[in-house]
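The values are calculated or read from the model by the stated rules, or taken from the named source; none is laboratory data. As the structure is a computational prediction, the values presented were derived from the model and not from experiment. Ideal geometry is used to build each Cβ from the backbone, glycine not excepted, and the neighbour counts take in all protein chains shown. Note: areas computed on protein heavy atoms with side chains; ligands, DNA, RNA excluded. Shrake-Rupley method; radii C 1.70, N 1.55, O 1.52, S 1.80 Å.
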Amino acid sequence: MFASDRGDEPSSTPHIVFERLHKRYDGPQGPIHAVHDVSFAIARGEVFGIIGRSGAGKSTLLRTINALEVPDAGTVTVDDVPVAGLDEAALVRLRRRIGMIFQHFNLLSSKTVNANVALPLRVAGLARPAIDRRVGELLDLVGLSDKASAYPSQLSGGQKQRVGIARALVHQPEILLCDEATSALDPETTQSILALLRDINRRLGLTVVLITHDMAVIREICDRVLVLDQGRRSEMGEVWRIFGDPAAEATRALLRPLLHDLPADLARDLVDDLGGRPGEAILQLRYGGDSSADGVALADLAALHPQARLLHGGLDRIRGHSQGRLLVAIPASALDPVQDRTARVADHIEVLGYVVTGAR
Amino acid sequence: MSLPALDKYIQAFLQTLLMVGTSAVIALSVGLALAIVLTITASGSLYPHPRFNRGLSIVVNVFRAVPFIILLVALLPVTRFIVGTTLGTWAAVVPLSISLIPFYARIAQVSLREVDPGLIEAARAMGCRRHHIVRHVLIPEALPGLVGGMTVSLIAMINASAMAGAVGAGGLGDLAIRYGYERYETRVMFEVIVILIALVTLIQFAGEGLARRFDHRG
């Protein structure tokens with residue numbers, strides 16, 4: 001199955017490598033395989049997404065990187081060093097190189113913003129002036145310098161996550177783990193947090209590993225994505241490829257909210273055969289993002305037929321690749337000659353059905 | 001038969017403060033330590049030792065189950081060994097402390113157990129060692145509940161101290177029993193009860209104020 005994956009090999013040196021990872025839990029109905037035989041590698045400096053429905057094992061998988069979860073079999077290596085088998089001192093050193101942020105922020109309610117961000121440095125035994133300087137820099141980076149003496153309960157969700165990010169970056173880590181970091185935030189705040197994460201990835205060159213159940217988050221900031229389904233690796237590759245041409249059913253299910261599927265009213269009127277009546281053919285044009293052209297030429301669409309109409313759909317631009325789907329109506333009588341031309345217009349075309357004239 | 005003079009009230013009040021104050025320092029600090037040990041040795045916690053944890057938990061339950069007045073008598077040899085006598089205010093400190101240690105330990109344990117496991121996970125992820133987590137996460141996050149439990153325990157101690165009159169410890173409760181109950185001087189009992197109400201109210205308010213100051217959960 002590895003050979004069929006697209007964009008599987010990381011483009012630069014691997015930073016985190018998972019090999020034949022297994023993790024079981026004992027549930028009331030026998031063992032549950034949270035992670036089942038998962039192997040892949042995350043490249044240095046990339047934003048890597050792990051997506052799956054709840055219970056797909058993504059949280060367990062993420063936590064094996066900093067040994068908050070210990071796998072039953074298989075290995076995780078960070079910079080060629082196996083995480084399993086580190087003693088407490090070595091583990092503490094590793095964790096200081098790996099920042100982590102959480103869905104519910106996990107800030108200490110008893111400490112101010114300043115003290116929350118300072119805690120990782122305090123327990124590492126840094127001197128007071130060095131701590132103050134570093135905390136000041138980070139609060140600047142996340143734009144919360146004026147909230148240093150506030151308590152977490154006085155902050156909004158987005159501000160709390162910014163404090164979480166500042167705390168995660170305080171040791172200048174090489175890896176940032178994001179555990180559903182935007183799932184508790186409203187859409188606008190989600191955008192600002194994702195922008196901040198992207199900015200941090202670019203400016204500091206961190207490897208970012210994030211888990212989410214929201215494909216929009218993956219589309220927004222990830223370079224590559226791994227789709228998990230019931231603990232198994234379902235598919236993996238560059239985000240634009242997975243979005244343009246999802247191979248696994250699990251991926252399609254996760255993508256559904258973002259896809260421009262057939263609208264319900266149109267689906268109701270659709271018939272397989274016009275039976276000699278006059279009507280229109282409904283074509284679905286799919287763009288996988290593979291074509292060398294940047295975007296879709298309007299002239300190509302216009303050339304389909306003088307009476308062609310764009311009904312529904314949209315294109316997304318992901319890392320410079322245009323992909324998406326468009327529904328187009330053309331007179332049914334013009335269908336055969338049109339099909340030759342559509343080959344140039346889209347990567348895949350499909351006749352979804354016909355609508356009898358006057359049916360709507 | 002005469003009413004007790006004012007200095008009798010003052011003496012009794014001071015005896016109560018001495019008994020409760022000394023016992024409180026001992027019982028609350030040992031109880032807190034016990035609660036921390038019970039919390040962190042539970043299975044799945046920071047230093048899991050399930051068998052030790054279960055053993056300690058049983059010991060705590062045994063002391064919790066014995067009524068104070070029986071503990072007072074049963075501990076007489078221990079009291080004589082520690083204080084040198086089984087009579088007087090200091091002699092009451094021993095059973096009072098020992099009976100309140102498990103009481104506060106259980107209350108404190110509830111507060112410690114309720115600290116969000118996500119906070120402990122976050123602390124582990126940021127490279128905290130386990131003793132850091134106890135000091136910087138577990139105790140500070142549980143502090144409002146720990147202080148609230150201290151208030152409850154202090155008030156329970158004032159109640160229990162009345163029974164310490166049985167070993168000649170004196171105190172307000174003893175005054176109320178000897179004059180008010182045994183000599184039918186209802187006024188004395190009434191006055192002592194008013195003083196006790198004032199004391200309990202003061203502790204309750206102070207405790208609540210302190211707990212609020214430590215509570216930033218919003």
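Count, for each residue of A:123-136, the Cβ atoms from other chains sitting within 10 Å of its Cβ, then give me the mean as a whole number.
The shielding value for this peptide is 1.
Using a 10 Å cut-off on Cβ atoms, rank the peptides B:7-17, B:138-148, B:197-207, A:13-23 from the highest mean neighbour count down.
B:138-148, A:13-23, B:7-17, B:197-207
For the pair B:V110 and A:A41, how long in nm is the line joining their label points, each one 7 Å along Cα→Cβ?
5.5
Projected onto the charge dipole of segment B:30-150 (+1 at Lys/Arg Cβ, -1 at Asp/Glu Cβ, origin at the Cα centre), which of B:G55, B:I40, B:S97 gives the Cα projection farthest towards the positive end?
Projecting each Cα onto the dipole axis, the largest value belongs to B:G55.
Sequence gap at least 6, Cα distance under 8 Å: using those rules, report the relative contact order of chain A to the nearest whole percent.
18
Would you please give the FRET efficiency between B:Y47 and A:A127, computed as 1/(1 + (r/R0)^6) with r the Cβ-Cβ distance and R0 = 35 Å, to the nearest 0.05?
FRET efficiency, B:Y47 to A:A127: 0.75.
Which value, to two decimals, describes the C-alpha radius of gyration of segment A:86-208 once divided by 2.2 N^0.38 Å?
1.01
Expressed as a fraction of 2.2 N^0.38 Å, the rule-of-thumb size for a compact globular protein of N residues, what is the C-alpha radius of gyration of segment A:217-278?
For segment A:217-278, the normalised Cα radius of gyration comes out at 1.56.
Tell me the Rg and the Dmax, in Å, that the Cα atoms of chain A produce.
Here Rg and the maximum Cα pair distance are 24.6, 85 Å.
Just report the Cα centroid separation between segment B:145-197 and segment B:79-138, whole Å.
Distance between centres, Cα-based: 25 Å.
I'm checking a number: the convex hull volume of the Cα atoms of segment A:206-346, normalised per residue, in Å³. What is it?
Hull volume over Cα atoms, normalised by residue count, gives 130 Å³.
Would you mind telling me which residue in A:L121, A:L270, A:L327 has the biggest mean-square fluctuation in a Gaussian network model of chain A, where springs connect alpha carbons within a distance under 10 angstrom?
Judging by the Gaussian network model, the answer is A:L270.
From other protein chains only, count the Cβ atoms within 10 Å of every residue's Cβ in B:114-125, then give the mean.
Average per residue, whole number: 6.
For the interface of A with B, what's the total buried accessible surface in square angstrom, probe 1.4 angstrom, rounded to the nearest hundred?
In total, this chain pair buries about 2100 Å².
Provide a whole-number value for the mean count of partner chain Cβ atoms within 10 Å of the Cβ atoms in peptide A:113-120.
Counting other chains' Cβ atoms within 10 Å and averaging over A:113-120 gives 2.
When the Karplus curve 6.51 cos²θ - 1.76 cosθ + 1.60 is applied with θ = phi - 60°, which whole-Hz ³J(HN,Hα) does each residue of segment B:122-130 get, with x for Gly and Pro?
4, 5, 4, 5, 8, x, 7, 6, 5
Placing unit charges on C-beta atoms (Lys and Arg positive, Asp and Glu negative, everything else neutral), compute the dipole magnitude of the protein assembly as shown about its Cα centre in debye, rounded to 20.
I would put it at about 2160 debye.
Label 7 Å along Cα→Cβ of A:S153; segment A:87-131 residues with amide nitrogen under 18 Å?
A:105-116
Using a Förster radius of 56 Å, what is the FRET efficiency between A:L335 and A:R93 based on their Cβ-Cβ separation? Nearest 0.05, please.
Once rounded, the FRET efficiency stands at 0.25.
Describe numerically, in nm with one decimal, the distance between label points set 7 Å from Cα along Cα→Cβ at A:V351 and at B:S29.
Between A:V351 and B:S29, the simple spin-label model gives 9.0 nm.
So, in nm, how far is label A:T75 from label A:H33 when the simple model puts each one 7 Å beyond its Cα toward the Cβ?
For the pair A:T75/A:H33, the computed spacing is 2.3 nm.
Quick one: Debye curve from the C-alpha atoms of segment A:264-356, no solvent, what's log10 I(q)/I(0) at q = 0.17, 0.22 Å⁻¹?
One equal scatterer on each Cα of segment A:264-356 leads to -0.71, -1.09.
Run the count for the protein assembly as shown, please: Lys pairs, Cα-Cα under 19 angstrom, 8 or more apart or on different chains.
Count of close lysine pairs: 4.
Cα centroids of segment A:226-283 and segment B:1-55: how far apart, whole angstrom?
Answer, in whole Å: 67.
Would you mind putting A:238-248, B:109-119 in packing order, based on average other-beta-carbon counts within 10 Å, highest first?
Ranked by mean Cβ neighbours within 10 Å, highest first: A:238-248, B:109-119.
Report for the protein assembly as shown the percent antiparallel among DSSP-assigned beta bridges with both residues inside it, nearest 5.
So the antiparallel bridges amount to about 70 percent of the total.
Over segment A:14-257, with every protein chain in place, what whole percent of the accessible area is carbon and sulfur at 1.4 Å, could you tell me?
So the carbon and sulfur contribution to the accessible surface is 47 percent.
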